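Everything on this sheet refers to the single structure shown next.
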Amino acid sequence: MAIERTLSIIKPDAVEKNTIGGIIQLIEAADLKVKAAKMMHLTKRQAQGFYAVHKERPFFGELVEFMTRSPVVVMCLEGENAIQRYRDVMGATDPKKAADGTIRKKYGANIGENASHGSDAKETAAFEIGYFFPGLEIS
Ligand code: ADP
Ligand code: MG
């Protein structure tokens with residue numbers, strides 16, 4: 001097992017509902033370490049660039065609207081097998097299908113407003129971490 005880093009975003013719905021702390025508790029309870037964190041209100045351009053892989057999907061416009069509607073918390077997480085393990089901590093994209101105890105089950109509203117983002121592979125994690133954190137901002 002390798003130590004990996006992954007990119008997490010606490011999405012606008014979860015920040016609005018005052019559940020930043022609850023989500024970070026689940027992250028820490030899973031032995032994932034917060035290596036860098038910041039709160040920011042994404043611009044349309046920043047959200048479009050981050051989700052560029054989804055630009056042909058029918059929900060792209062809705063996703064960009066949602067992600068820019070209020071601030072998010074962006075974090076770089078580190079741990080053994082962190083990419084897959086954080087996906088497991090988040091649960092399925094649709095909170096209705098997410099397992100009990102997962103972030104999306106506890107805090108997500110629906111398939112669009114699902115409380116959190118996590119990178120899905122090594123390559124996307126590298127792109128996404130670099131998108132938000134210059135190397136110097138990660139200790
Ligand atoms: P995940 O975030 O689990 O990796 P995807 O990469 O498929 O899921 O989608 C990215 C994000 O786009 C989702 O987390 C969700 O916010 C939004 N999304 C996905 N599917 C839909 C949909 N059918 N309708 C609206 N928004 C969606
Ligand atoms: Mg994805």
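Here are some notes:
- Within the listed set 75, 39, 90, the residue fluctuating most in the Gaussian network model of the chain (springs between alpha-carbon atoms under 10 angstrom) is 39.
- Backbone phi angles across segment 66-80, fed through the Karplus curve with coefficients 6.51, -1.76 and 1.60 (θ = phi - 60°), yield HN-Hα couplings of 4, 5, 9, 6, 6, x, 10, 10, 9, 9, 9, 10, 9, x, 4 Hz in residue order; Gly and Pro are listed as x.
- Calculated mean residue ellipticity, 222 nm, the chain: -10500 deg cm²/dmol, from DSSP H runs (n ≥ 4) at -39500 (n - 2.57) each, averaged per residue and rounded to 500.
- Listed from fewest to most Cβ neighbours within 10 Å, the set 53, 15 follows the order 53, 15.
- Segment residue 54-residue 39, length gained on full extension (0.36 nm per residue, minus Cα span): 3.1 nm
- Rough spin-label spacing in nm, given labels placed 7 Å along Cα→Cβ, for residue 122 and residue 81: 1.6 nm
- Cleavage-rule hits, GluC sites (Glu not before Pro), segment 1-103, DSSP coil, Cβ neighbours within 10 Å at most 13: 56
Rule-based calculations on the coordinates, nothing more; no lab input. Quick caveat: nothing in here was measured; it's all calculated off a predicted structure. Ideal geometry is used to build each Cβ from the backbone, glycine not excepted, and the neighbour counts take in all protein chains shown.
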